[in-house]
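The structure under discussion appears below in the form of structure tokens.
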Amino acid sequence: MKMRRLRALVASLAILTLVAGCGARTGDEGQQGSTGGPGGQQAAKQELVVNLGAEPPTMDPGLMEDHSSITVATNIFEGLTRLNPDGKYEAAMAESWETSEDGLVWTFKLRDGIQWSNGDPVTAHDFEFAWKRALAPEFGSPYAYQLYYLKNGEKYNKGEITDPDQVGVKALDDKTLQVTLEAPTPYFLSLTAFPTYYPVPKKVVEANPNWAAEAATLVGNGPFKIVEWVHNDKLVIVKNENYWDKDTVKLEKITFLMVPDGATNVTMFENGEVDVNLGAIPQADLPRLLASGDAKVTPQLGTYYYIVNTTKPPFNDVRVRKALSLAIDRKAIVENVTRAGELPAYAFVPPGIPDVSGDFRQNAGNYISEDMEANIAEAKRLLAEAGYPDGKGFPPAVILYNQEGAHQPVAEAIQAMWKQNLGITNITLQSQEWKVFLQTRHNLQYDIARNGWLGDYLDPMTFLDMFTSDSGQNDTGWKSKEYDELIATAKRSADPQVRMEAMHKAEKMLFDEAVVIPIYFYVNKFQEKPWVKGVLHPPIGAEDFKWAYVEAH
Amino acid sequence: MARYVARRLLSGILTLWVIASLTFFLSRAIPGGPFDSEKQLPPAVLENLNKKYHLDWPIWKQYLDYMWRLIKWDLGPSFRYANQTVNEIIAQGFPVSAQLGLMALAVAVVVGISAGIISALRQYRWQDHLAMTLATVGFSVPSFILGSILIYIFSYRLGWLPASRWGTWDRAIMPVLALSAFPTSFIARLVRSSMLEVLQQDYMKAARAKGMPGYILIYRHALKNAILPVITFLGPLSAQILTGSFVIETIFAIPGMGRTFVTSIANRDYTLIMGVTMFYSVLLVAANLIVDLLYAVVDPRIKVAGGGE
Amino acid sequence: MDLQRFQPVPREALAGQEIPRPSTTYWQDAWRRLRRHRLAMLGLTVIVVLILLAIFVPMLSPYSYDQQNLSKAYQPPSAEHWFGTDNLGRDLFVRTMFGARISLAVGFFSSLMAGIIGIIYGAISGYFGGTVDNIMMRIVDVIYGLPTTLYVILLMVVLKPGLKTIFIALAITSWIGMARIVRGQVLSLKEWEFVLAARTLGVPPWKIIWRHLVPNALGPIIVTMTVEVPAAIFTESWLSFLGLGVSAPIASWGSLAADAYQNLRTAPWTLIFPGLFISITMLAFQFLGDGLRDALDPRMRK
């Protein structure tokens, strides 16, 4: 019920922002069509060439943290659940599960006949082994914190306890996995589809710790299995005959390429050298490709935003921050600068996250008005109140960004808008090398900086707990006890009513205090030949080819 | 001579040690660490990672440890490519880059020298103007633009060549062209200008007056002298070109080690930065030694080994 | 050769032996010949015109380099916008001319730096040879070997971004190629009879280098100096990319071209115009360089 609403919303949002006839809509229909699996339309040769855009740094689910690795992993591994074309986390390795009254103990029952690609059975022990391995301090998993929801998970990872058996995951037998959590986590199911929660083949890994380095030694449990991996060139996966749901899988073979350059990607796509391009697309080409249907977009659970250093005058004045935020014409930015059908962001949490009922974003509405004229008038008034009428006397300030991606044009547009709408003339731009940028921003050595966040799971919390006082992600310098308390309340409670209310309040606070300046909500941009059907481009997680097929063409 | 080579080898090792030390400390002095990303890692996770890669050791201990491993040419694990060692990454990438680089070098030397000779012999005539205009374009248009233009024309418009990747001869044409454009142009210009100088020399005039055939003259006298700056230029160039070009390998999606250079720094992948830098530096020092030895072959008057004043 | 058997000639004794040619100095002579070199004059004229355009177009144009018109993004060249518009609807003609200021400055400076430092360093290394040469060339090897990005990032942290910082970064790297080339030439030239003669006559080293060796190595020197111009123009854009250089919305030719290299399919003019100007500048420098070489080369002196 919730999910259907979400889907409807996602689709309608897509329509709102896209040139009719392309984009998410087409993708969604493709997904639906494929689940039905109209066999007659399928091409004889079920093979795809897909450009990943980058070499996956690792194929070990416990070590991966980047998109290209996760994309491949999604197709060659499988967790307890799997995100399906309807946007639901459906039973995958697990057949069913139960939750205790307090929401703390989850018991998963594994499916019968599930096997690794080498023929060994997948057991609950493989899960227990994988999760404890990822949490082990000496293993050094960058995404270990995704497992902090498990009881004692954080303590074990921090080295505060040394006995892994105290971690809240236990294989009761080969088929039963019991998970104990630190706190009730309503979105825990969505986490079990995440790579850090994948099982790993205990026998294989114990025999060869470097099992995930090459195709020859890699063993998976997903719809496909890896057969060839030429580093930095290609990675080939074929249908896994040992997969429990192999009848659903129609593709016989996917060749992943790793072509980084956008212009090259577009050329290869048009020449038919690739069928699906998940890599870069040049900014200039996007509108044309979107209009012709050669490029498509689907919503992505993420927000592109600006932050200001709230510890530094004049940005320590909430009126200044509000004025700066109000004077940005978000619609103009998505339509004329980024131009990929992004949604202008008038609030922080993107649409597509379920509330108690309905959609979190829709229920709360906008925190910034869409009426630019009113916004500018208000912004001018606030700025004058703060002591800078028509921008006079506004001290020099710098917008900081990193050069990769399309950050510079956005910054240039915002600089011009502040000049035009507020009369602030001495804002300059500064690009920095990526890691220098991260450090400058994190150390609060900036005035205004760009920022972006992609959700980790389907809950508003993934967008809100980053602004707590002790969060490493909070680069704004803004600290609020009240906000911390709201987040803590939401984290403690198992009652959806209490949680959501607290999170709505928290988000509103971000705008009352103008802590963040949201610009737009991200989209997945990709190219896909018209005969490629059923590829899943979900708002979180990675592209899934389980349901994909090639239509006769 | 043997003493000279021995002395050069010794100073070469010293050079490598200086490069290794400077790179080691520079890479750690610049802001940002290997595990920084848009999503900040929790401190505990970061600590575990630092421990895993011994980044929690005092810097002098890390340095000594690295130097010891460097002597054994054990370049350590990559931080970014968690399952691979730096030795493996170089072993995978270098053959591809070297293959591409050798082809480009061959083109640059053959075409560059021929064009330079023709230009010099036909100074201020159309052959000269054509060759030199092409050469100007060759070094004023950098490889990322040239590569894109080639892809645009031959793949996008005409559809004659595959746009990227490596392995077959048709995939090699565009990257070799794009990579060799600059050295070809530079060599052509150098040869032309040195040839013109040599041709002005009295002994050349004398030889011509005596009626020595043109091509013998060119080969035996003019070219031998004109080649000197080309050899100088080829020293560091070959080390650079054999270890791959970031731009060319990115645009044409070639799995060489050129991309590794730049991305390793962007990732602050310390061991990989060190590994590729040292690999390149060894080639560089060797190439420059060969250049100096070649000097003596080309121009017997040169005494690089000479004890000085 | 046993140097003890030679006696330095007293300076006074040399006075009468200088070739009497008082009417023109070396430099006057060179300038006269340069003026007669048609292609060189063409090159010089083009460079002067470019400088004038860079100064006056941004002052006189109805558009400014940073004036946006978001609804007019990526317009092809027209009477209104001669070079078309860019991704934010800015006039590319003005942006290109404004960019010339930075790119020409960077190109000149870097070429000059390569010339001055590279020649001095290379000539000293080559002339003295032996241990001096070995040490000086190993230092060059170290600079070659160090990843440039590393010390550029360090510079960025230490210094403020801007043109001055760009110049410093360029000064560090631009001369090493030149130094190697000059050193190679000097190694060869110093063994020639005329150098030997000068040395026996007791001419001080710096004079031998300046009067005899450098003029005879001018060909490769000038080629290397001209190549340094586009190299510097693109290095600047890369340095700006890392955060060292001029900040947006000011653009240089290098950054205009670098931003547009993927635009060939949709907005080719964004790449063609800055690219064209870089090439024109290069041709001009090359013609001028050829003329200079002809004019300065002592062997061509008649």
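Laid out as a table, the results:
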| read-out | value |
| --- | --- |
| For segment B:92-255, accessible area per residue (1.4 Å probe, heavy atoms of protein chains only), Å² | 39 Å² |
| Rule-of-thumb Rg ratio for segment A:44-170 [Cα; 2.2 N^0.38 Å; N residues] | 1.19 |
| Unsatisfied cross-links (Cα-Cα over 23 Å) in the set A:Lys175/A:Lys246; A:Lys312/A:Lys479; B:Lys224/B:Lys303; A:Lys88/B:Lys39; A:Lys296/A:Lys331 | A:Lys88/B:Lys39 |
| More than 23 angstrom apart: percent of Cα pairs within segment C:143-261 | 47 percent |
| Threshold 50 Å² - residues in segment C:231-271 whose accessible area is reduced by that much or more when the chain is no longer isolated, probe 1.4 Å | C:Phe234, C:Phe241, C:Ala248, C:Tyr261, C:Gln262, C:Leu264, C:Arg265, C:Thr266 |
| Angle in degrees between helix A:67-76 and the longest Cα principal axis of chain A, rounded to the nearest 10 | 30 degrees |
| Exposure ranking of B:Tyr4, A:Tyr367 by accessible area [1.4 Å probe, largest first] | A:Tyr367, B:Tyr4 |
| Degrees separating the helix C:218-242 axis from the principal Cα axis of chain C, which is the longest one | 40 degrees |
| A:Asp484 accessible area, 1.4 Å probe, all protein chains in place, Å² to nearest 10 | 40 Å² |
| Dipole of chain A, positive end: most advanced residue of A:Gly62, A:Val337, A:Ile424 [Cβ charges, Cα centre] | A:Ile424 |
| For segment A:298-524: relative contact order, % (alpha-carbon pairs under 8 angstrom, 6 or more apart) | 36 percent |
| Solvent exposure, largest accessible area first (probe 1.4 Å, DNA, RNA and ligands not counted), of A:His67, A:His553, A:His442, A:His504 | A:His553, A:His67, A:His442, A:His504 |
| Å² of accessible area per residue within segment A:75-212, as computed with a 1.4 Å probe and no ligands counted | 38 Å² |
| Chain A, relative contact order [Cα under 8 Å, separation at least 6], % | 21 percent |
| Shielding by other protein chains, B:22-28, mean Cβ within 10 Å | 4 |
| Accessible area of B:Val109 in the full protein assembly, 1.4 Å probe (Å², nearest 10) | 50 Å² |
| With all protein chains modelled, accessible area of A:Lys508 [1.4 Å, Å²] | 100 Å² |
| Point-charge dipole on Cβ atoms (K/R +1, D/E -1) for segment A:75-212, about Cα centre, debye to 20 | 260 debye |
| Stokes-Einstein D in µm²/s, Kirkwood radius over Cα pairs - the protein assembly as shown at 20 °C with 1.002 mPa s viscosity | 66 µm²/s |
| Net charge of neighbours whose Cβ lies under 13 Å from the Cβ of C:Leu92, counting Lys and Arg as +1 and Asp and Glu as -1 | -2 |
| Segment B:92-255, accessible surface, carbon-and-sulfur percent (1.4 angstrom probe) | 69 percent |
| Segment A:281-328 - percent of accessible surface contributed by carbon and sulfur, probe 1.4 Å | 53 percent |
| Cα-based Rg / Dmax (Å) for chain C | 23.7, 85 |
| Segment A:165-203 versus segment B:15-36: alpha-carbon centroid distance in Å | 41 Å |
| At least 30 Å² accessible surface lost relative to isolated chain, residues of segment B:233-275 (1.4 Å probe) | B:Pro236, B:Thr250, B:Ile251, B:Ala253, B:Pro255, B:Arg259, B:Ile265, B:Ala266, B:Arg268 |
| Chain B: relative contact order as a whole-number percent, Cα under 8 Å and 6+ apart | 27 percent |
| Cα centre as origin, Lys/Arg/Asp/Glu Cβ charges: segment C:81-190 dipole, Debye | 140 debye |
| On Cα atoms only, tilt of C:92-128 relative to the major axis of chain C in degrees | 20 degrees |
| Charge dipole of the protein assembly as shown about the Cα centre (unit charges at C-beta), most positive-ward option of B:Gln40, B:Ile290, C:Gln262 | B:Ile290 |
| Portion, in percent, of the accessible area of chain C that falls on carbon or sulfur, probe 1.4 Å | 68 percent |
| Student exercise, the protein assembly as shown dipole from Lys, Arg, Asp, Glu Cβ charges, in Debye to nearest 20 | 5340 debye |
| Span from the segment B:47-77 Cα centroid across to the segment C:179-254 one, whole angstrom | 40 Å |
| Kyte-Doolittle mean at least -0.5 and Cα axial length at least 15 Å: DSSP H helices in chain B | B:2-29, B:59-71, B:86-121, B:126-140, B:169-200, B:224-242, B:270-298 |
| Accessible surface buried once B binds A (1.4 Å probe; total of both sides; Å²) | 3900 Å² |
| Part-to-part distance (alpha-carbon centres) for segment A:334-409 and segment A:103-149, which is given in Å | 41 Å |
| List A:Thr71, A:Thr255, ordered by accessible area with a 1.4 Å probe, largest first | A:Thr255, A:Thr71 |
| Helix-only CD estimate at 222 nm, as mean residue ellipticity for the protein assembly as shown, using -39500 (n - 2.57) per DSSP H run (n ≥ 4) | -16000 deg cm²/dmol |
| Tail weight of P(r) past 20 Å, computed on alpha-carbon pairs of segment B:92-255, percent | 55 percent |
| Reduction of at least 30 Å² in accessible surface, 1.4 Å probe, comparing all protein chains with the chain by itself, residues of segment A:422-455 | A:Leu429, A:Gln430, A:Ser431, A:Glu433, A:Trp434, A:Lys435, A:Val436, A:Leu438, A:Gln439 |
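The values are calculated or read from the model by the stated rules, or taken from the named source; none is laboratory data. Given the structure is predicted, the values throughout are model-derived calculations rather than measurements. Cβ sites come from the backbone with ideal geometry, for glycine too, and all protein chains shown count toward neighbours. Please note that ligands, DNA and RNA were not included when accessible areas were found on the heavy atoms of the full protein model with its side chains. Shrake-Rupley method; radii C 1.70, N 1.55, O 1.52, S 1.80 Å.
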